[in-house]
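The values are calculated or read from the model by the stated rules, or taken from the named source; none is laboratory data. Here the structure is a predicted model, which is why all the values come from computation and not from measurement. Heads up, the Cβs are rebuilt from the backbone with ideal geometry, glycines too, and the neighbour counts pull from every protein chain shown.
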Amino acid sequence: MTLGLQFLQNTFGECGRPRVAWHIDPFGHSREQASLFAQMGFDGFFFGRLDYQDKSNREKTQQMEMIWRASDDLKVPNADLFTGVLPNGYNPPQGFCWDQLCSDMPIMDDPTIEDYNVDVVLSNFLKAVNVQAPKYRSNHIVMTMGSDFQYENSIPWFKNMDKLINIVNAQQANGSKVNVVYSTPTCYLSALNRANLSWPIKMDDFFPYADGAHMFWTGYFTSRPAFKGYERLSNNFLQVCNQLEALTGEAAIHGPYGSSSSLELRRAMGVAQHHDAVTGTAKQHVNDDYTLRLFKGWKSCEVVVSNALSSLTGTKENFAFCNLLNISVCPSTETSKSFSVFIYNPLGRAVTQYVRLPVNGAAYEVKGPSGESIPSEVVPVSKFTKEVRRNKGNADQELIFPGQIPPLGFSKFTVQKISAQERFFRTKVKKNPSIIENKFYRVDFDPDTGLISKIHNLEKKISLPVTQNFFWYNASVGNSDSYQTSGAYIFRPNQSQPLLVSRNVRSYLVKNSLVQEVYQNFSSWCSQVVRLYSDQRYLELEWTVGPIPIGDDKGKEIISRFDTNLQTKGLFYTDANGRQILQRKRNSRDTWAFKQTEQVAGNYYPVNSRIFIKDKNVQLTVLTDRSQGGSSIVDGSLELMVHRRLLYDDFRGVGEPLLEPGQYGEGLVVRGKLLLVLDTPEASADVHRKLGLQQYLSPQIVFSTGQGAPYRSQHGPTNQFSALRAALPDNLHLLTFAQHEPNKILLRLEHPFQGHESVNYSKPITVNLKELFSVSLSDFKETTLAANLPKDKMKRMQWKVQKDSNPTFEHGSSFLDPTSITLNPMEIRTFLATVQYRKNAEWDSR
């Protein structure tokens, strides 16, 4: 949004700043999205798609337009947004389509010709007006005139609309009260605002969306899981690229590795947000193009990161990026006896990152930034991984070590291969393990099935019986109830009970001083590693699924399911865009009497970062590494769909089944991670909020031979660096640190907690912007969220709300004290600042 709005501002000036958000085709609308639009300064939001039952109810009760109160935490009306549902999606009324793709008759207004049809057109149009008008509160209604691929030939459209306006308005002489004008969303919204009516409030979101009884658009929450994962990783790398570009300025853009910038990856990420991109609802060749654009953006940012690291370290290294570490592929580490590892942390607090590197030695010595010894272990590369990577790599081992990384900075580690026969036996392998544990967690495994059977939080002295397994839903091909099939958009299983991938698993334990991991084999195409590092307060499940077999002519939708004895009363909780947590109730909707027609698909919701279930004493939270669909279909159970492969199109526009051939044409293999947190409901947020941010902005690993030449340095090389003077507290998150224009930094700070969820962190936090960074920032100006308008210039429309005391609008003050900036729960504050870059010698001497 920031990139696009900056383009509009640079091209058209203030006249080009949009005031109304317009989502005619996206399918399902997030509460957090409305909150973000409001904070960007939008006055209103119109969209075309909502659930067919919801729409019917809203038409009957004149609630097609409303005030969407999109946050429980932000002060009213900062997250209030006028929201309207368009009457015909994004289509014109029936019979009024005039384009080369349309078949409707044009208006023939010459009474001397045989095809004269003004009377029919007039009658049909007034009928459409009279059908639509009672469904809306004001005497202004909107009619969208156009559709997909329209205005390819605009002349017949405008010619016929000119005629339509004339013939309808001419009837006012005969007493007609219908007046037709050309308009825009902004003009329409202004008319509604002047009407000075009171509007209903909406508090929940518009998920899930269905356009028929057996047509829930909940499959796309998971469709193309590899691309969803790549998109999330791409954003992670973009933020790293943005930060290093902003920290070093011209040195990052023009340096020893060439000239580049973050712009190409920014643009590719912007395109990837399209509602048929990250959703997984494009044709295969189109999705391939989205992937290629991201890949090219990565390459541009690799140049930026390399240039910036050279500037910060004072050495020109042979930097290498290994983007296949998840399948143990990295030529730089597989073939080298010694190498350096640079780990950059984009978070505003220090983190410990467990590094896993493919190697071909039995023992290594790892040293930290100050030459201190770092504990390390070597474990064998699993058979699972070797089967996935095929001939891409040849490492037999993985080197593991913990790296402590300062906030908004990097640490350099050196790795040297050594000969030490006694270290061969530090890692133990055991078949059919019964337990893994560290000082925080213990996990029990059923001796008969090999599955997880119980999880213990040893710190809190709480335990929960948990059985985790993989299942698959048999995708519907249509039946007597409905022709509807499962496809890229729509999830429709042919029965509510999923099928087990395997009742029992073959498993073995790999254990050493740093990690304990149980390798579980569910089938030839489904495996998992249950992993517990020595000092982590969560359990890691690394799943590998695919190629999903379809030799039985059955499309399959694979879920990871957790069954517990929690009494959840139909309730479960999912996030909205990684920020707010929303309560969900099975077979229910907050705003209308919902009739359930699909027991599974109708209860699925998007899970962008986490889902949890709880009772009074225990909460089980699962964090995802990409967007997935999830639900709680029965009490005490929680499931996430991780992969899907389907044989039929679902008739929503893709025009091909979701088969994803993968690199070898046999079907796509996907690997991902789920993180489990078991805690009390009162303390869970303290852990999962922090962990979620670390998932979202993981450290970036860069390699080199370790034999770099000096580069613009008057001192020795810098092995550790932080751009923050002190780490940020846990309830303050550095959301954005990027170059907005030459010598201007875009800075966003976020309070990542909601107001009710943490005794420790759900409280305001105050910070001094001038003392945050080691770069010199000055001339701070607060802006709207998208940075296209000074905050004190934002004046949004005021609205009356039903059954609510009307809030007093507080427009931004022109005075800003950068030494005392306070953020309340869920608040994001955005600033532009002037940056003065230091010379390299000053970086080095720090």
Worksheet item: Pairs under 9 Å by beta carbon, first residue in contact (Cβ under 8 Å) with a residue 60 or more places away in the chain in segment 653-664, partner acidic (Asp, Glu) and loosely packed, with under 15 Cβ neighbours inside 10 Å, six or more apart or different chains?
Response: 653/148
Worksheet item: Among (1) touching a residue at least 24 places away in the same chain (Cβ under 8 Å); (2) farther than 24 Å from residue 184 by Cβ; (3) part of a helix (DSSP H, G or I), where does residue 129 come up short?
Response: (2)
Worksheet entry | The listed residue being at positive phi and in contact (Cβ under 8 Å) with a residue 40 or more places away in the chain, out of 48, 28 | 28
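Residues checked against (1) under 30 Å from residue 449 (Cβ atoms); (2) of a type outside the set (Gly, Ala, Ser); (3) buried (at least 20 other Cβ atoms within 10 Å of the Cβ):
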position	(1), (2), (3)
346	no, yes, yes
354	yes, yes, no
371	no, no, no
433	yes, yes, yes
Response to the item:
Per the list (1) in a helix (DSSP H, G or I); (2) without any contact (Cβ under 8 Å) to a residue 60 or more places away in the chain, residue check on residue 161 breaks on (2)
Item to complete: Collect the residues in segment 311-331 that are within 21 Å of residue 296 (Cα to Cα) and either among the polar types (S, T, N, Q) or assigned by TED's automatic domain parsing to the domain that holds residue 838 (or both), keeping them in residue-number order.
Response: 318, 323, 326
Worksheet item: Looking at (1) farther than 30 Å from residue 648 by Cα; (2) surrounded by fewer than 16 Cβ atoms within 10 Å (Cβ to Cβ), which is the only condition residue 480 fails?
Response: (1)
Fill in: Selected residue (criterion: surrounded by the most Cβ atoms within 10 Å (Cβ to Cβ)) from residues of segment 765-792 that are touching a residue at least 60 places away in the same chain (Cβ under 8 Å) and of a type in the set (Ser, Thr, Tyr)
784
Response to the item:
Of the residues in segment 8-55 that are at pLDDT 95 or above and β-branched (Val, Ile, Thr), the one that is farthest from residue 144 (Cα to Cα) is 11
Worksheet item: Out of the residues in segment 101-126 that are acidic (Asp, Glu) and part of a loop (DSSP other than H, G, I, E, B), which is surrounded by the fewest Cβ atoms within 10 Å (Cβ to Cβ)?
Response: 114
Response to the item:
Among the residues of segment 47-100, the number that are closer than 19 Å to residue 193 by Cα, surrounded by fewer than 21 Cβ atoms within 10 Å (Cβ to Cβ) and in contact with a Gly (Cβ under 6 Å, 6 or more places away or on another chain) is 1
Discussion item. I'd like to check something: does segment 729-745 contain any residue that is surrounded by fewer than 18 Cβ atoms within 10 Å (Cβ to Cβ), at negative phi, of a type in the set (Gly, Ala, Ser) and not assigned by TED's automatic domain parsing to the domain that holds residue 325?
Written reply: no
Worksheet item: Do we have any residue at all in segment 668-690 that's touching a helix residue (DSSP H, G or I) at 6+ places or on another chain (Cβ under 7 Å) and without any contact (Cβ under 8 Å) to a residue 60 or more places away in the chain?
Response: no
Worksheet item: When segment 320-344 is examined, which residues are found to be buried (at least 20 other Cβ atoms within 10 Å of the Cβ), among the polar types (S, T, N, Q) and in a strand (DSSP E or B)?
Response: 340
Worksheet item: Can you find even one residue in segment 138-155 that is more than 29 Å from residue 102 (Cα to Cα) and either touching a helix residue (DSSP H, G or I) at 6+ places or on another chain (Cβ under 6 Å) or assigned by TED's automatic domain parsing to the domain that holds residue 121 (or both)?
Response: yes
Worksheet, complete the sentence: Subset of segment 416-430, residues of a type outside the set (Val, Ile, Thr) and at pLDDT below 90, comes to 419, 420, 421, 422, 423, 424, 425, 426, 428, 430
Worksheet item: Can you name every residue in segment 746-764 that is aliphatic (A, V, I, L, M) and buried (at least 20 other Cβ atoms within 10 Å of the Cβ)?
Response: 746, 747, 749
Fill in: Residues that are assigned to a helix (DSSP H, G or I) and within 26 Å of the chain's Cα centre (by Cα), drawn from segment 53-86
54
Practice prompt. Would you be able to tell me the number of residues in segment 616-628 that are under 22 Å from residue 220 (Cα atoms) and either among the charged types (D, E, K, R) or out of contact with any Leu (no Cβ under 7 Å at 6 or more places or on another chain) (or both)?
Written response: 3
Worksheet item: So which strands (runs of 3 or more DSSP E) stay within segment 725-838 end to end and still have 1 or more residues that are hydroxyl-bearing (Ser, Thr, Tyr) and over 23 Å from residue 20 (Cα atoms)?
Response: 733-741, 765-767, 776-783, 821-823, 828-836
Discussion item. Can you confirm whether residue 656 is modelled with pLDDT of 95 or more, under 24 Å from residue 551 (Cα atoms), buried (at least 20 other Cβ atoms within 10 Å of the Cβ) and of a type outside the set (Ser, Thr, Tyr)?
Written reply: no
Fill in: Verdict on residue 717 being touching a helix residue (DSSP H, G or I) at 6+ places or on another chain (Cβ under 6 Å), in a loop (DSSP other than H, G, I, E, B) and not assigned by TED's automatic domain parsing to the domain that holds residue 795
yes
Worksheet, complete the sentence: Filtering segment 263-317 down to residues that are surrounded by fewer than 16 Cβ atoms within 10 Å (Cβ to Cβ) and within 30 Å of residue 707 (Cβ to Cβ) yields 295, 296, 299
Worksheet item: What tally of residues in segment 566-604 results from selecting those that are within 11 Å of residue 205 (Cα to Cα) and either in contact (Cβ under 8 Å) with a residue 24 or more places away in the chain or buried (at least 18 other Cβ atoms within 10 Å of the Cβ) (or both)?
Response: 6
Worksheet, complete the sentence: Of the candidates 413, 445, 384, 440, the one satisfying the condition of being at pLDDT 95 or above and in the same structural domain as residue 332 (by TED's automatic domain parsing) is 413
Worksheet item: For segment 286-341, what are the residues that are among the basic types (Lys, Arg), in contact with a helix residue (DSSP H, G or I) (Cβ under 7 Å, 6 or more places away or on another chain) and at pLDDT 95 or above?
Response: 293, 296
Worksheet entry | Hits in segment 582-599 - residues which are assigned to a loop (DSSP other than H, G, I, E, B) and hydrophobic (A, V, I, L, M, F, W, C) | 592, 593, 594
Discussion item. Testing residue 191 on (1) part of a helix (DSSP H, G or I); (2) more than 33 Å from the chain's Cα centre (by Cα); (3) crowded, with 17+ Cβ neighbours inside 10 Å, one condition comes back false. Which one is that?
Written reply: (3)
Practice prompt. Could you grab me the full set of residues in segment 132-156 that are more than 30 Å from residue 201 (Cβ to Cβ), among the aliphatic types (A, V, I, L, M) and outside any loop (DSSP other than H, G, I, E, B)?
Written response: 155
